[in-house]
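The values are calculated or read from the model by the stated rules, or taken from the named source; none is laboratory data. This is a predicted model, so every value here is computed, not measured. Note that we place each Cβ from the backbone using ideal geometry, even for glycine, and neighbour counts take in every protein chain shown. Keep in mind that these areas ignore ligands, DNA and RNA; they rest on the heavy atoms of the full protein, side chains included. Shrake-Rupley method; radii C 1.70, N 1.55, O 1.52, S 1.80 Å.
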Amino acid sequence: MDNLYQRLDLNLLRVFDVLMQSRNVTRAAEQLNLSQSTVSHALARLRQTLDDPLFVMTRKEMRPTQRAQALAAPVRQALLLLEQGVRQSAGFDPALSRRTFRLAVPSSIEHGAVPLLVELLHQRAPACRLAVTELVHSDYEDSLSRGGLDLVVAFADGDHLSPRLLVEPWFDNPMMCLSALTSELPERLSAELLVGWSHVSTSTWGHNQTLIESWLKKKGLERHIAVWVPSFEALPKLLATGRYLAMVPELIARDFCHYYPLQQHRLSESLRSTYVLAQHPLTEFDPALIWLRQLLEEVGDRLCQSP
């Protein structure tokens, strides 16, 4: 075995990692707070050490070679492990930290839980920031391993997360039916009564809505969806017409009934949506994320205790 590993400079691997993400020397230099010539020199050293061009210029970007693609994941994981070790040794002080926590969440959590999480962060980690993106149909392994996200809030029955992620239950929430105050529907609805109305579906790719569809299908029933919307934003005005019903988690129904002329109805059989927290094993022992998970547990407990 030659001494290739011994000749590799950790700083060069950091440059390589940023170049893999940016595919541009200028942007990489800005991100690393280095000059373009320094980044170019580092790339030249890497090419010489590894005996491979690593990146080939095209009209739009620097395209990685097969050797670079093979190196990308191990280098990223090695740098994350090193970063994690440094953070562990330094500990985490929420009162002083200026970290940005990055989460992907479904729209129900954005509406029903994120405001409470932000309030708790403001009280206990005032200099920390929160960046929230919408949950999409992804396995999330790559974005979590690269540090683009810290945690993902998903559904226990979503069946899309990578099996290599660490997944643990967060909390569950009963599904409720929303209607206009003028609907004169009873407090508890049977499946047969539910399908007698047209519905608004608040998802374009399943989960909570799929839970309802599966329940009805087992009974040989099917509801009529009149409107599909990607979030909850238009729901109050649509339901206020008195023409539609909508199935939503209780944390959404509770808020909407407080602020809009709507009412909520329980189903004759309890259907509960379970949320889970997903994280990459590389960041399992990151003190900041251990603290964040504890904070999220408190958020979940408060939501379950709310009337």
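So what are the ³J(HN,Hα) numbers for region 27-37, from phi and the Karplus equation (6.51, -1.76, 1.60; θ = phi - 60°), rounded to whole Hz, Gly and Pro as x?
5, 4, 4, 5, 5, 8, 6, 10, 7, 4, 5
Residue 11 versus residue 67, label points 7 Å from Cα toward the beta carbon: distance in nm?
For residue 11 paired with residue 67, the spin-label model returns 2.2 nm.
Once each part is reduced to its C-alpha centroid, what is the distance from region 101-164 to region 173-202 in angstrom?
Taking the Cα centre of region 173-202 as reference, the centre of region 101-164 is 30 Å away.
Scan region 46-149 for GluC sites (Glu not before Pro) in coil per DSSP, keeping those whose Cβ has at most 13 other Cβ atoms within 10 Å, and list them by number.
61
For residue 189, list long-range residues whose amide hydrogen, built 1.01 Å from N in the peptide plane, is under 5 Å from its own amide hydrogen.
266, 267, 268
What is region 62-170 by shape, rounded, prolate or oblate, if you read a ≥ b ≥ c off the alpha carbon gyration tensor as root eigenvalues and call it rounded for a/c under 1.5, prolate for a/b larger than b/c, and oblate otherwise?
Verdict is oblate for region 62-170.
If you build a Gaussian network model of the chain, linking Cα atoms that sit under 10 Å apart, which residue out of 169, 126, 74 swings the most?
74
For residue 219, which aspartates and glutamates qualify as cross-link partners when the Cα separation must be under 15 Å and same-chain residues fewer than eight apart are set aside?
Excluding near neighbours in sequence, the set is 192, 269.
Please give the FRET efficiency for residue 264 paired with residue 120, using the beta carbon to beta carbon distance and R0 = 25 Å, rounded to the nearest 0.05.
Once the sixth-power term is evaluated, E becomes 0.45.
How much of residue 188 can a 1.4 Å solvent probe reach, expressed as accessible area in Å² and rounded to 10?
Result for residue 188: roughly 140 Å² accessible.
Mind running the shape call on region 168-239? Use the C-alpha gyration tensor, a ≥ b ≥ c as the square roots of the eigenvalues: rounded below 1.5 for a/c, prolate if a/b tops b/c, oblate otherwise.
Cα axes put region 168-239 in the rounded bin.
I'm spelling it out carefully: the read-out is semi-axes √(5λ) of the Cα gyration tensor in Å, the candidates are [x] 47, 22, 17; [y] 43, 25, 13; [z] 38, 21, 19, and one was derived from this structure. Which label?
Entry [x].
Hey, what did the chain get for relative contact order, percent, Cα under 8 Å, at least 6 apart?
Reported as a whole number, the value is 21 percent.
By how many nm would the segment from residue 60 to residue 131 lengthen if fully extended, with 0.36 nm per residue of separation less the alpha-carbon distance?
Difference between extended and current length: 22.7 nm.
Let me have the relative contact order for region 93-202, percent, based on Cα pairs under 8 Å that are six or more residues apart.
It comes to 27 percent, rounded to a whole number.
How high is the relative contact order of region 215-307, given as a whole-number percent (alpha carbon pairs under 8 Å, six or more residues apart)?
Relative CO of region 215-307 lands at 15 percent.
What does a probe at residue 297 reach in region 127-168, counting residues whose amide N is under 15 Å from the point 7 Å along Cα→Cβ?
Under cut-off, by backbone N: 167-168.
Give me, ordered by chain and number, the residues 5 or more places off residue 170 or on other chains with an amide H under 5 Å from its own placed amide H.
HN-HN under 5 Å from residue 170: 275, 276, 277.
Based solely on its DSSP helices, what 222 nm [θ] is calculated for the chain when runs of n ≥ 4 H residues each add -39,500 (n - 2.57) and the sum is averaged over all residues, nearest 500 deg cm²/dmol?
One gets -13500 deg cm²/dmol as the mean residue ellipticity at 222 nm.
Taking the dipole about the Cα centre of region 17-96, with the C-beta of Lys and Arg at +1 and of Asp and Glu at -1, give me whichever of 28, 57, 71 is farthest to the positive side.
Final value for the positive-end residue is 57.
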